[in-house]
Amino acid sequence: MFFITIQSRKTTGAQAPGNKPMTVRTRFAPSPTGYLHVGGVRTALFCWLYARKHGGNFVLRIEDTDLQRSTAESVNAILEGMTWLGLEYDEGPFYQTERMERYRAVIQQLLEEDKAYHCYCSKEELETMRAEQLARKEKPRYDGRCRSRKGPAPAGVAPVVRFKNPVSGSVVVDDLIKGRVVFNNAELDDLIIARSDGSPTYNFTVVVDDMDMKISHVIRGDDHLNNTPRQINILTALGATLPRYAHVPMILGPDGQRLSKRHGAVSTMQFRDEGYLPEALLNYLVRLGWSHGDQEIFSIDEMIELFDITDVQRSAASVNPDKLLWLNQHYIKTCDPAHVAHHLSWHMGRREVDPTDGPDLVEVVKAQRERAKTLVEMAENSAIFYRDFDSYNEKDAAKHLKPENAELLRGLRERLVVLPDWTAEAVHEVINQTAEEYGLKLGKVAQPVRVAVVGRAVSPPIDITLALLGRERTLARLDAALEHISRRTAGAA
RNA sequence: GCUCCCUUCGUCUAGUGGCCUAGGACGCCGGCCUCUCACGCCGGUAACAGGGGUUCGAGUCCCCUAGGGAGCGCCA
């Protein structure tokens, strides 16, 4: 006997058995019951990359059949997150709530073909059944008592519809990540595909949608692995072509526990708010469970080129916030400054700093990008270029804005006033000359000036800082510092 | 309880029987550079869950145990 349809874990998933090229169609199918969390984003990223890599289509489908919990805000959060990350979809968003008629028709079809049946068991009855099975140390499942029910329907009971799952044999899932997984049909039961109010249930809508949308590769969280045999059975009953499956492991919090709000940033938009660049988050996420040798940095194009769903790790991965931070810093440092400036200006706006009231933000990015791990940090440290700071850092002012330095600052000021060109080079020259004149090392000059113009002992190189600040702001702040020193002198006297 | 999945440094991972006295990255610890903060550079710390097999040889193959996780809804 030959197993001609074996699709081993390492075969190219994008080929149908028999080497026929197949059109890749993946989908991301979140349910809009909350924010878009990183686990979902990683799944979406994998789906998107896989479609892009194979020149296929990426479909967005909103699974909103749970009317109680689905909200328009959540839909917006999903759309907003996808947009921010640049995970553009080729089709959709499709809403399941708009496809109810279709589901109803398929349920009717199954009923007519005797592949499904009405079940009149009450919830209490089912509950009792479950309890008894558990007591007998059995896996709780519906025993199919309505399957062969004869005679007239019980009066006054709205029935559910159950799918007639095969009672024997097994279902083989050749998962692109997990490998071959075999389920015995005896472990499965007749699941409800339509509730007593007629509405379709999840495992059923997924199947109908994946079939109708001609999804070739179902890439989803491995919490769905156990649902797969049921879905395959329905798909088979419907005569559909089976998609390939790839169940990606879950993402755990930094402590190895399941991801939750308590672990801090799990909402995609929270990463934006905390100053992360989308490319950093994407790069971080793609390396969570996937790798290409020792490579750590991947541009979007490289991801598309190198990614393969069959190379995804089979085990769950914990989030490492420090590494994300490192990647963010890397992208802040290496991305086109104009691109970084674009994102930075959003953060400036959030802090009510007007980035047009001062130096070109792109130049500020160039000066700051090696000293900020997040855009929030960069925005904080860059506000001084656009508006005056409120007060000096106490320790730094005490150390550097002292009476002995007054003359130095005055001397420097005089030179700066008459400087013909206000450039970093010219400023640099002046500072060097001043240091020489006073017989001081550069640091002894730079630090007092730094505290005078930015309020604390930390800033980009002093010449660049002054150049960005501009002559007007620099002189005004030197004056203010001199005044601060004299007040201090007076106070001490 | 039952079914399914998973298990290499603290974390993300390389590794597809000999190239492994297990490599890279983040973090951490030292050092260098330096006008501050950083960047950068150099060096160090640290892992094959345990036990049985198979084999001349096992991180790599098989089995068991332990530990994690998921599912078992008229939720998705």
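Read-outs throughout are calculated quantities, based only on the coordinates presented, and are distinct from any laboratory measurement. The model shown is predicted, which means the values in this text are computed figures rather than measured ones. As a convention, Cβ positions derive from the backbone with ideal geometry for all residues, glycine included, and neighbour counts pool all protein chains shown.
A quarter of the convex hull surface defined by the alpha-carbon atoms of the stretch A:89-247 gives 10.7 nm² as the mean projection.
Rank the residues A:Asp223, A:Asp479 as a footprinting-exposure proxy: fewest other Cβ atoms within 10 Å of their Cβ go first.
Ascending Cβ contact count within 10 Å gives the list A:Asp223, A:Asp479.
Relative to the compact-globule estimate of 2.2 N^0.38 Å, the Cα radius of gyration of the stretch A:339-493 comes out at 1.04. Here's the list of lysines a cross-link from A:Lys178 could span, going by alpha-carbon distance under 22 Å and ignoring same-chain residues fewer than 8 apart: A:Lys10, A:Lys53. The fewest-to-most ranking of A:Arg147, A:Arg487 by surrounding Cβ atoms within 10 Å reads A:Arg487, A:Arg147.
For the stretch A:222-299, the fraction of C-alpha pairs more than 13 angstrom apart is 77%.
Isolated cysteines in chain A, defined as those with no second cysteine Cβ under 4.7 Å, comprise A:Cys47, A:Cys121, A:Cys335. When only Cα pairs below 8 angstrom with a gap of at least 6 residues are kept, chain A shows a relative contact order of 12 percent. For chain A, find the longest principal axis of its Cα atoms and tell me its angle to the long axis of helix A:406-417, 0 to 90°, nearest 10. Approximately 80 degrees, to the nearest 10.
When the dipole is taken about the Cα centre of the stretch A:209-310, and only Lys, Arg (+1) and Asp, Glu (-1) are charged at their Cβ, what size is it in debye, to the nearest 20?
Details: 9 positive and 15 negative charges, 111 e Å.
It works out to roughly 540 debye.
Using the empirical formula 2.2 N^0.38 Å as the baseline, the Cα radius of gyration of the stretch A:108-161 reaches a ratio of 1.29. Each part gets one Cα centre, and for the stretch A:190-245 versus the stretch A:83-151 those centres are 10 Å apart. Axis of helix A:100-112 versus longest Cα principal axis of chain A: the two differ by about 30°, to the nearest ten degrees. Take the Cα of A:Arg350, step 7 Å toward its Cβ, do the same at A:Val181, and the gap between the two points is 3.7 nm.
DSSP finds beta bridges in chain A, and of those with both partners inside it, around 55 percent are antiparallel. Computed over the stretch A:434-493, the quotient of the alpha carbon radius of gyration and 2.2 N^0.38 Å is 1.18.
Across chain A, the volume of the C-alpha convex hull divided among the residues equals 207 Å³ per residue. Cross-link partners for A:Lys123 among the aspartates and glutamates, with Cα-Cα distance under 18 Å and sequence neighbours closer than 8 places in the same chain left out: A:Glu132, A:Asp143, A:Asp189, A:Asp190, A:Asp197.
Relative contact order, whole percent, for the stretch A:337-405 stands at 34, derived from Cα pairs under 8 Å and 6 or more residues apart.
So in the stretch A:154-277, what percent of DSSP beta bridges are antiparallel if you round to the nearest 5? Mind dumping the intermediate values first?
Numbers: 10 of 15 bridges.
Approximately 65 percent, going by the DSSP bridge assignments.
The slack in the chain from A:Thr128 to A:Glu380, taken as 0.36 nm per residue of separation less the alpha-carbon distance, amounts to 84.6 nm.
Which ordering of A:Phe163, A:Phe298 is given by a fewest-first count of other beta-carbon atoms within 10 Å? All intermediate terms of the calculation are to be shown ahead of the outcome.
Numbers: A:Phe163 24, A:Phe298 21.
Result, fewest neighbours first: A:Phe298, A:Phe163.
Each of A:Thr33 and A:Asn393 was given a label point 7 Å from its Cα along the Cα-to-Cβ line. The distance between the two points is 4.8 nm.
Each Cα pair under 8 Å and six or more residues apart adds its separation to the average, and for the stretch A:271-400 the resulting relative contact order is 28 percent. Solvent-free Debye calculation, one equal scatterer per alpha-carbon of the stretch A:259-324: log10 I(q)/I(0) at 0.15, 0.23 Å⁻¹ equals -0.52, -1.10.
Projected label points at A:Ala155 and A:Gln313, each 7 Å from Cα along the beta carbon direction, are separated by 6.3 nanometres. Under 30 Å of direct C-alpha separation, and excluding same-chain neighbours fewer than eight residues apart, A:Lys366 reaches these lysines: A:Lys323, A:Lys333, A:Lys395, A:Lys399, A:Lys441, A:Lys444. Taking the dipole about the Cα centre of chain A, with the C-beta of Lys and Arg at +1 and of Asp and Glu at -1, give me whichever of A:Val365, A:Gly39, A:Tyr331 is farthest to the positive side. Result: A:Gly39, furthest along the dipole toward the positive end. Sort out for me the Cα centre separation of the stretch A:288-327 from the stretch A:411-462, rounded to whole Å. Spelled out, the Cα-based centre of one part sits 45 Å from the other.
Starting from 0.36 nm per residue, how many nanometres of slack lie between A:Glu80 and A:Thr23 once their C-alpha separation is accounted for? Let's see the in-between values first.
Details: separation 57, 0.36 × 57 = 20.52 nm, distance 2.80 nm.
Here the answer is 17.7 nm.
Helix A:38-53 versus the longest principal axis of chain A: what is the Cα-based angle in degrees, 0 to 90, to the nearest 10? Result, in degrees: 80. Tell me, Kirkwood radius of the stretch A:70-168 from alpha-carbon pair distances, in Å? About 17.5 Å, per the Kirkwood formula over Cα pairs. Applying Stokes-Einstein at 4 °C and 1.567 mPa s to the Kirkwood radius of the stretch A:346-388, computed over alpha-carbon pairs, gives a translational diffusion coefficient of 127 µm² s⁻¹. All other residues whose Cβ lies under 10 angstrom from that of A:Tyr117 are scored, Lys and Arg at +1 and Asp and Glu at -1, for a net of +3.
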